Amino acid sequence: MNTGMNIYWLGFRGCLYCGSLFPKEDGLCPCCSAELWRWSEVDKVTCLNRHAFSVYSLFNWYPNKQEVLSRVLIALKGEQGRDLWRIYAQEFWRRHLGYELQSDKRILPWVIIPSPSRSKVEDHASLFARGLAEETGATLLPCLARKNCGERLQQKSKNRGQRFRIEIDLIENFSRTSFRSLRSSKKVIFVDDVYTTGGTALAAWKTLGKPKNFTVWTLAQRASLAGRPSI
């Protein structure tokens, strides 16, 4: 059964997929949770271009095969998902990077940069980035902004060519010189919720001056659309 609803009218929050009461921390009942996490054992995927950067995803997403994951991705983008991003950030860190979370986290020499929002307010990518920064102790640096934020064409409605025409700029009063001085020799982590063709990550990489130590972290990689962007 796929109700895809939370039972707010009873004062309870149900499973994000089937609506069962008393879900686990990930927002799913034990049965749906087990179905979700069996897709989490994903190898590192490298974006193939002349200046290759690595892409780490917690899930490899096949929309027509993984109904639970598809529902979770939708729910996490809504208001009901705001409290869950930290849970998925913890799982990303623990499962994919192989570190045990500890209360006395060290400060890592990383800069975490969220994918810029279309609405200029904190969105799902920013919430995921914030959760990852809290888990790792890395520096959170929301320094990117989208051009043409008023564009009505949604990402999911764009064709392959349109996805690669994403325009990203640095926020006002922030320059590449400022960025270079802040990151110094630090690793640059670009965070988004879903990796499809790589157009957003590629645009961010170019805007930041094509840093050599650049990596993408994302909740899910849509396997059928993973592409090979040109520089």
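For segment 180-216, the candidate set comprises residues that are in a helix (DSSP H, G or I) and of a type outside the set (A, V, I, L, M); within that set, the residue that is farthest from Ile112 (Cα to Cα) is Gly199. For the criterion of being touching a Pro at 6+ places or on another chain (Cβ under 8 Å), in the same structural domain as Thr207 (by TED's automatic domain parsing), closer than 22 Å to Ala133 by Cβ and at pLDDT 90 or above, Ile113 passes. Answer with yes or no whether Gly131 is surrounded by 17 or more Cβ atoms within 10 Å (Cβ to Cβ), within 28 Å of Glu167 (Cα to Cα) and modelled with pLDDT under 85. When the stated conditions are applied, Gly131 does not pass them.
I'd like to know if segment 141-155 contains one or more residues that are at pLDDT below 90, assigned to a helix (DSSP H, G or I) and outside the structural domain of Trp93 (by TED's automatic domain parsing). Yes, segment 141-155 contains at least one residue that is at pLDDT below 90, assigned to a helix (DSSP H, G or I) and outside the structural domain of Trp93 (by TED's automatic domain parsing). Whether any residue in segment 159-171 is among the aliphatic types (A, V, I, L, M), closer than 29 Å to Pro63 by Cα and modelled with pLDDT of 90 or more is what I want to check. Within segment 159-171 (the criterion being among the aliphatic types (A, V, I, L, M), closer than 29 Å to Pro63 by Cα and modelled with pLDDT of 90 or more), the answer is yes, since at least one residue qualifies. Within segment 19-44, residues that are on the phi > 0 side of the Ramachandran plot have Cβ atoms under 8 Å from residues that are surrounded by 13 or more Cβ atoms within 10 Å (Cβ to Cβ) and modelled with pLDDT of 85 or more in these pairs: Phe22/Cys29; Gly27/Cys15; Gly27/Leu16; Gly27/Val72; Gly27/Ala75; Gly27/Leu84; Gly27/Ile87, counting only partners at least 6 apart in sequence or on another chain. Within segment 5-46, being at pLDDT below 90 and touching a helix residue (DSSP H, G or I) at 6+ places or on another chain (Cβ under 7 Å) holds for Asn6, Trp39, Ser40. Can you tell me which residue within segment 87-106, out of those that are within 16 Å of Leu28 (Cβ to Cβ) and out of contact with any strand residue (DSSP E or B) (no Cβ under 9 Å at 6 or more places or on another chain), is modelled with the lowest pLDDT? Ranking the candidates gives Gln90 first.
The values are calculated or read from the model by the stated rules, or taken from the named source; none is laboratory data. Because the structure is predicted, anything quoted here is derived from the model rather than measured. Cβ sites come from the backbone with ideal geometry, for glycine too, and all protein chains shown count toward neighbours.
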